1. At q = 0.12, 0.20 Å⁻¹, what log₁₀ I(q)/I(0) does region A:134-291 have when each alpha carbon counts as one equal point scatterer in the Debye sum?
2. So how compact is region B:12-103: Cα radius of gyration and Dmax in angstrom?
3. Can you give the translational diffusion coefficient of region A:415-556 in µm²/s, computed by Stokes-Einstein from the Kirkwood radius over Cα pairs at 4 °C and 1.567 mPa s?
4. Just tell me how shielded A:49-55 is by partners: mean number of partner chain Cβ atoms within 10 Å of each residue's Cβ, no decimals.
5. What fraction, in whole percent, of alpha-carbon pairs in region A:132-202 exceed 20 Å separation?
6. Enumerate the calculated ³J(HN,Hα) couplings along region A:221-227 in order (Karplus 6.51 cos²θ - 1.76 cosθ + 1.60, θ = phi - 60°), each rounded to whole Hz, writing x wherever the residue is Gly or Pro.
7. Please state the relative contact order of chain A as a whole percent: Cα pairs under 8 Å, 6+ residues apart?
8. Normalised radius of gyration for region A:334-491, please: alpha carbon Rg relative to 2.2 N^0.38 Å, two decimal places.
Amino acid sequence: MYRYDEFDAQFVRERVKQFRAQVDRRINGSLTEDEFKPLRLQNGLYLQLHAYMLRVAIPYGTLNGKQMRQLAVIAEKWDKGYGHFTTRQNIQYNWPKLPDVADILDALADVEMHAIQTSGNCIRNVTADHFAGAAADEIEDPRPTAELLRQWSTAHPEFAFLPRKFKIAVTGSPNDRAVTKAHDIGLRMIRDASGAPGYEVIVGGGMGRTPMVGKVIREFLPKADLLPYLEAIMRVYNLYGRRDNKYKARIKILVHEESLQEVRARVEEEFAAMDGPAVAADPAEVARIESYFAAPKLDSRPVREAALAAARSTDPDFDAWMAVNLAEHHDASHAIVTISLKPIGGAPGDASAEQMRLVADLAERYSHDEIRVSHEQNLVLPHVRRDDLPAIYAALAKADLATANSGLISDIIACPGLDYCALATARSIPVAQDISRRFASPALQRKIGELKIKISGCINACGHHHVGHIGILGLDKAGKENYQITLGGDATETAAIGERAGRGLDAEEVGPAMERLVAAYLDLRETQDETFLEAYRRIGQAPFKSALYPEARDAA
Amino acid sequence: MPKPFTPQVVTANDLFDGDVVYLTAAHGWSREHGDAAVAGNEEAATALLAAATEQPGKIVGPYLADSAIGADGRPAPAHYREAIRTLGPSNRTDLGKQAEGAA
Ligand code: SF4
């Protein structure tokens, strides 16, 4: 994986030193909160409901064992023994104390990590497919691209004061696991007629209060043109993006108001006028970055399949986990393991320090020292030899990390919501806990099949509710928590924004409504293989709606 | 007829650890909602907030929050958001004020 060069290391240390001095000045009274706030936000430090919160960047969700172990140390030494993995592939600590934050940042710098650009109107942490470098369907590893973008965008003087925050996602596979169509810029790797890899460039996607599916602004961009073309997009956005209204400042609004054609024309004009070679990445640097992401040397000898089959036949829980939590690796002797951070009744994305340490150990021992954080708030061991799966499962099961629910109904995305977040209008975590308990039965979950529930505690949509097959949005309705349900959202290459189903539900109504909805789906599906989303697309909203709102049906 | 005034308290977060604090009648800060000074009218509320704003070295982000009167006759949160702030995360009753028995 990527290693800091001298410049990176020095830059991060300098920032920590600066921030330490800024904290001192805030504490001794020479900085007011108004002066300090933008500085702390630039270093990932937020103030939430009960405490400060530190958001640590995990670029493109890639970590090694040493880094994960350091995250555990931080959780124990300066926090309350756990951390929360987010839909932005970051980790958040919920209880740091202001005087400790510079020490935490130094501890992060010790393992080449930081909290820079996790906040503010800049280009945020670039996210990528969590199966990058391992997936069977991949054209190319998207992480060198993501790293190149990270270097290009970090402290880029032109883009430090954008109209609003800016998020970029990259996937190296045609199957989009990085939600590229819901980002300001999404890059999807494809091949041109000659077979050369390049990008489909998607612009203007996003969630929040005005959800939009991104649009293709360039059907094929050669790899070498990446930085000049993105720089052209950023310039157009910087010049024409609205600054008069925070809610209309994202690039999606510019694309919506001015039309894709207009934005495309301006970008192409800017691109044509640019001194391309001056902006384009130095091929030597690209090669250097790529070398860091070279595929690990895999042991491709045949797997002892008989032993594996025997283990499956004697342990139904292991069998279920094998069926649900593995993804296809490009090497047939290997598998990609999803470690569920969604135990039944747990808080989605939370992991204790002990759990982090175990994952670090397993990664070092079995996965070429690689770990990924997925936007679905799970962890991933990307390169596991299939022979090792029984041992890995046994270790995970002991630590409550082996729930067999990847992609199933209890694999719920939920933002921290009003249990932590100062912006929240309602809680998300208890809603997720309730739903997951109702569908706890592994057999029932497998019968239901792929079903993605995503919950946000406010209109900002950090819980991706707009693109959940079932989306749940928590609101404050006259001093009471109320939940709006959307149906039919899709986060993949066939992205769609969910449609509102009807009136909002009280907290205690949500769980029973989900049970009715799922029962209706099981009734309506044509075959056992027709997923919830497919059934919804085939039949439309009406029958699902009447399952959600029986009173409307009874009145009719 | 003007809308009746809902009693208000001033709340903020502690500068050092971010913990939820309430402005008391003596213009000090308490971690318990019950100790909060209650403003019964607009003028008193403005004065309380002004007193809080003069102490930027101790707290962050003071604001007025609607308050009710609890069973013990002391001020108590009126809205669920403020109630969660007096407790801690509802899914982790081992953390926050609720764990310290200060709720
Ligand atoms: S969606 Fe709202 S409540 Fe949830 S984390 Fe984002 S800002 Fe907070």
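Readers should treat all values here as calculations from the given coordinates under stated rules, not as data from a laboratory. This structure is a prediction, so every number in the text was calculated from the model and none was measured. Here the Cβ positions follow ideal geometry from the backbone for every residue, glycine too, while neighbour counts run over all protein chains shown.
1. Each listed q corresponds, in turn, to -0.49, -1.41.
2. Cα-based Rg and Dmax for region B:12-103 come out at 12.9, 39 Å.
3. In µm²/s, the coefficient rounds to 85.
4. 6
5. 33
6. My calculation for region A:221-227 gives 10, x, 4, 5, 8, 3, 5 Hz in order.
7. Computed over chain A, the figure is 13 percent.
8. 1.08
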